[in-house]
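First up is the structure itself, then whatever we jot down about it.
The values are calculated or read from the model by the stated rules, or taken from the named source; none is laboratory data. It should be emphasised that the depicted structure is a prediction, and the values quoted were computed from it without experimental measurement. For neighbour counting, all protein chains shown are included, and Cβ atoms are generated from backbone atoms with ideal geometry for every residue, glycine included.
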């Protein structure tokens, strides 16, 4: 959860190198992007307010800008927003012996907290 409830303020960056596997609208997840890491892990970022200039199949690097945190989703109409506070839904999924396992991202984020990227935007558009 960000310190202020404003969309298009807080950048979301990739946690891993990988390939954009999924991107687009989901009724519950809103605008989302899924990155498949070289080791096979899947990193899912949902409720974005907007995307970086990316397409399915693009390669991304750890720390690369993916989009902005938002409040999209929970609506049948594409672009629905405002039904909950701005936040990032982060999912990490690993393939363990052919079975997809969901990993609680809290411990990963806590472990890497000291090496986090401080991303500064020089300009941002209104709206």
Query raised in the report: Which condition breaks for residue 114 when tested against (1) at pLDDT below 95; (2) not in a helix (DSSP H, G or I)?
Result: (2)
Report summary line: By residue number, the members of region 1-59 that are part of a strand (DSSP E or B) and under 11 Å from residue 70 (Cα atoms) are 11, 12, 30, 31, 32, 45, 46, 47, 48, 49, 50, 51
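Quick grid of which residues meet (1) touching a helix residue (DSSP H, G or I) at 6+ places or on another chain (Cβ under 6 Å); (2) closer than 17 Å to residue 1 by Cα; (3) part of a strand (DSSP E or B):
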site: 74; (1), (2), (3): no, no, no
site: 77; (1), (2), (3): no, no, no
site: 83; (1), (2), (3): no, yes, no
site: 90; (1), (2), (3): yes, yes, yes
site: 101; (1), (2), (3): no, no, yes
site: 106; (1), (2), (3): no, yes, no
site: 109; (1), (2), (3): no, yes, no
